[in-house]
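In what follows, a structure is listed as C-alpha cells, so that the remarks can point back to it.
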Amino acid sequence: MEELPHNRDRAPGQPYEQWEEEAKGLIEEEMMRCKIGYKQLSRMLEELGIEESPGQINRKVNRKRFSAAFLLVCLRAMGAETLSLKKELSNAESK
C-alpha cells in the first residue's frame with residue numbers, strides 16, 4: 001500500500017486554517033490582556049521549565065505552527081484560567 005506524503009504546507013482555505021488562526025489569536029489576545037511581549041512570555045515559560053527564546057515564540061505564533069501543548073503552556077504561563085471560544089458560522093452552516 002502506497003503511503004500518502006504528509007503535507008504540512010497546506011494551501012490557503014484548507015480545513016485547519018481558521019483553527020490555526022484562532023489558536024494564534026488566543027495567544028496574542030492573552031498577551032495583549034497581560035500587556036506583555038515575547039520577552040516576558042519567554043521568562044514566564046522558563047518558570048514552567050520551558051526553554052523558548054522570544055524569537056522562537058514569535059516565529060511559532062506568527063507561522064501558526066505550534067502544538068496544543070504549546071498553546072496551553074503559554075496560556076497557563078500568562079495566568080489564563082478560562083477560554084472564550086467565539087462561535088462563528090462555518091462555511092457549511094452558512095449555506
Quick check on region 26-37. Is at least one of its residues among the aliphatic types (A, V, I, L, M), farther than 21 Å from residue 85 by Cβ and surrounded by 15 or more Cβ atoms within 10 Å (Cβ to Cβ)? yes
Of the criteria (1) more than 16 Å from the chain's Cα centre (by Cα); (2) modelled with pLDDT under 95; (3) of a type in the set (D, E, K, R), which one residue 65 fails: (1)
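Select from region 11-45 the residues that are of a type in the set (Ser, Thr, Tyr) and within 14 Å of the chain's Cα centre (by Cα) and list them in ascending order.
Let us first name the residues in region 11-45 that are of a type in the set (Ser, Thr, Tyr), namely 16, 38, 42.
If the condition is that a residue be of a type in the set (Ser, Thr, Tyr) and within 14 Å of the chain's Cα centre (by Cα), then 16, 38 are the ones that fit.
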State which residue pairs qualify: first residue closer than 25 Å to residue 51 by Cβ and of a type in the set (Val, Ile, Thr) and inside region 65-90, second residue modelled with pLDDT of 95 or more and in a loop (DSSP other than H, G, I, E, B) in any location, beta carbons under 7 Å apart, and separation of 6 or more residues or different chains. 73/48; 73/50
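For region 51-63, give me each residue that is crowded, with 16+ Cβ neighbours inside 10 Å and either among the hydrophobic types (A, V, I, L, M, F, W, C) or touching a residue at least 24 places away in the same chain (Cβ under 8 Å) (or both). Lay out the reasoning, then the answer.
Taking region 51-63 first, the residues crowded, with 16+ Cβ neighbours inside 10 Å are 52, 57-58, 60-61.
Of everything in region 51-63, those that are crowded, with 16+ Cβ neighbours inside 10 Å and either among the hydrophobic types (A, V, I, L, M, F, W, C) or touching a residue at least 24 places away in the same chain (Cβ under 8 Å) (or both) turn out to be 57, 61.
The values are calculated or read from the model by the stated rules, or taken from the named source; none is laboratory data. No experiment lies behind these values; they were computed from the predicted model shown. Every residue, glycine as well, gets a Cβ built from its backbone with ideal geometry; the counts of neighbours run over all protein chains shown.
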